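Everything on this sheet refers to the single structure shown next.
The values are calculated or read from the model by the stated rules, or taken from the named source; none is laboratory data. Model, not experiment: these values are computed from the prediction. Reconstructed Cβ throughout: ideal geometry from the backbone, glycine too, with neighbour counts over all protein chains shown. Calculation scope for accessible area: heavy atoms of the full protein, side chains included, ligands and nucleic acids excluded. Shrake-Rupley method; radii C 1.70, N 1.55, O 1.52, S 1.80 Å.
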Amino acid sequence: MMINNQLSSKQHNNIRFFEEKLTNGLHVILHQDNTNPLVFVSVLYHVGSKDEDPGKSGFAHFFEHLMFEGSKNVKKGEYFKYIASNGGKNNAYTNQDSTCYYEMLPSDRLPLALWLESERMLHAKVDKESIDIQREVVKEEKKMRLENQPYVTALYEIIPSLLFKKHPYRSPIIGLEKDLDKADENDYKKFYKKYYTPNNAVLVVAGDFDMVEARKLIKRYFSSIPRGKNRLKRVVIKEDPIKKEIFYTCVDKNSNVPGVFLSYRIPKMTDQDSYVLRMIDHILSSGESSRIIKNVVNIQQKASYAGSFLETMEDYGIFIIYGLITPGVDLDQLTKALDQEIDFLKKKGVSRYELEKQRNYFEKKFISDNYSMSGIASNLIHYYLYYKNASLINTDIDRYRKITVEDINRVANKYLNKNNRVRLYNVSEDNKKK
């Protein structure tokens, strides 16, 4: 066990927390703040879409739904009722690397939250009836969020499948319908037993509670849950370098405005270059004074909407620079305009003033992310899971402070090259590129 009290030289809001690991492997992190009579409880399982076997895509996301179906001692559909009737709210999310469940409740309802999460971990209903119900729910979600939304197929299905040829990041988080249809009850039970174990989970409690009492409650509800029998061996699948630009045209029935998406495979989230790329992302497209917005959208008027975004993950990341055309402009012209901004950054870099502006932005963001109980809990989980060091919640900003003008130039030239990217044109059925 450990009490962390570390303070960065320039950090004013020191986050104190306590850590311990139960004998069954469950890692526990507690952050006590008695300012408001609320408590935030979160359990994160180290299992995401990248952990799915071939032909079984969508399992991690499917379990995000299935885990609300009920358990041995919680009737079907009562998870939400328990939380709502006690003045709280709850939800869950799945990404490529993890699945997280959380609830916010009045502080005197901490035992309820812990009991519900322990039920989910040990006694979840993984039966045919529950599976059949959630299979249809997931299919409907896929139609609403993916199949009927513009640009989504390109962003979340096609681009990852082109950037990654070997790594499971190539598959969509929500999964393929054919995989969900053919999976049976035994497949899902195996997945549950393998990944929904205390030694593959992190529990965080943040907010108004008594430290001694909270530790007793956690041990009461979780210490008797047995460790997982399977030893999880995670091997990072290495991708071959992209040596020639991959060009693809996506015909999108949901979009009326053609767009270009320039996508790059980048390092894992813990790599220092990923921090530099986050700053480059902000330089290119955050705010009216950013380079792409100012030059491509406002001055040249080549794009009606443009920007960039970074998706950082445990093994790799994806950096996308995009734009939607204005009338009279074609996708080749827009691509040229975007490439001019990229090339200018690579050749001229940034000024020290511009760099300091970005440092200030990330410092402000760092402080605001640690402002709420949910933000603190999320960051503690994030830093423990991916960095194996929850104390970075107080010091991670130092990695941004150390970024130099030279770092910006080096990283931009290393990753933002035409010969190692995917160039996707997203066109409507009425505007196919000839």
Shape of the chain, Cα gyration tensor, a/c cut at 1.5: oblate
Residues K243 and Q32, FRET efficiency given R0 of 56 Å [Cβ-Cβ distance, rounded to 0.05]: 0.60
Extension reserve of the E213-D127 stretch, reckoned as 0.36 nm per residue once the Cα distance is removed: 27.5 nm
Rounded to 5, percent antiparallel among DSSP beta bridges of the chain: 80 percent
Restricting the range 171-247 to trypsin sites (Lys or Arg not before Pro) in coil, as DSSP defines it, with at most 16 other Cβ within 10 Å: R227, K229, R231, K233, R234, K238, K243, K244
Point-charge dipole on Cβ atoms (K/R +1, D/E -1) for the range 222-308, about Cα centre, debye to 20: 620 debye
Listed pairs K268/K365; K89/K268; K139/K182; K128/K193; K50/K238; K336/K402 exceeding 23 Å between Cα atoms: K89/K268; K336/K402
The range 164-323, accessible surface, carbon-and-sulfur percent (1.4 angstrom probe): 49 percent
Per DSSP, loop trypsin sites (Lys or Arg not before Pro) in the range 147-177 with at most 10 further Cβ within 10 Å: K166
20 Å Cα-Cα threshold exceeded, pairs from K21/K388; K166/K194; K165/K418: K166/K194
Whole-number accessible area per residue in Å² for the chain, which is evaluated in the context of all protein chains at 1.4 Å: 47 Å²
Sparse-neighbourhood loop sites, trypsin sites (Lys or Arg not before Pro) in the range 57-140 - DSSP loop, at most 10 other Cβ within 10 angstrom: K72
For the range 284-292, 3J(HN,Hα) per residue [Karplus equation, 6.51 cos²θ - 1.76 cosθ + 1.60, θ = phi - 60°, Hz, x = Gly/Pro]: 6, 9, 9, x, 5, 8, 5, 5, 5
Debye, to nearest 20: dipole size of the chain, +1 on Lys, Arg Cβ, -1 on Asp, Glu Cβ: 1060 debye
Additional length obtainable on full extension of the chain from K347 to N91, 0.36 nm per residue less Cα span: 87.6 nm
Relative contact order computed over the range 198-354 (Cα-Cα under 8 Å; 6+ residues apart), in percent: 20 percent
Selection from P241, V260, V47, by position along the positive dipole direction of the chain (Cβ): P241
The chain: angle of helix 128-142 to the longest principal axis, Cα-based, in degrees nearest 10: 30 degrees
Cut-off of 10 Å, at most 16 other beta carbons, DSSP loop: longest stretch of the chain lacking such GluC sites (Glu not before Pro): 1-238
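Explain nothing, just the number: dipole magnitude of the range 135-288 about its Cα centre with +1 on each Lys and Arg Cβ and -1 on each Asp and Glu Cβ, in debye rounded to the nearest 20. Show your work: numbers first, answer last.
Values: 30 positive and 22 negative charges, 233 e Å.
With Lys and Arg at +1 and Asp and Glu at -1, about 1120 debye.
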Gap separating the Cα centres of the range 115-164 and the range 201-246, nearest whole Å: 20 Å
Degrees, to the nearest 10: 185-195 long Cα axis against longest axis of the chain: 90 degrees
Potential lengthening between E140 and S223 on full extension [0.36 nm per residue; Cα-Cα distance subtracted]: 26.1 nm
Under-5 Å amide H pairs with Y305, H placed in peptide plane, nonlocal only: L324
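Given an 8 Å cut-off on Cα distances and at least 6 residues of separation, report the relative contact order of the range 289-434 as a percent.
18 percent
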Selection from L331, I342, S308 lying farthest towards where the dipole of the range 302-354 points positive, charges on Cβ: I342
Angle in degrees between helix 110-123 and the longest Cα principal axis of the chain, rounded to the nearest 10: 80 degrees
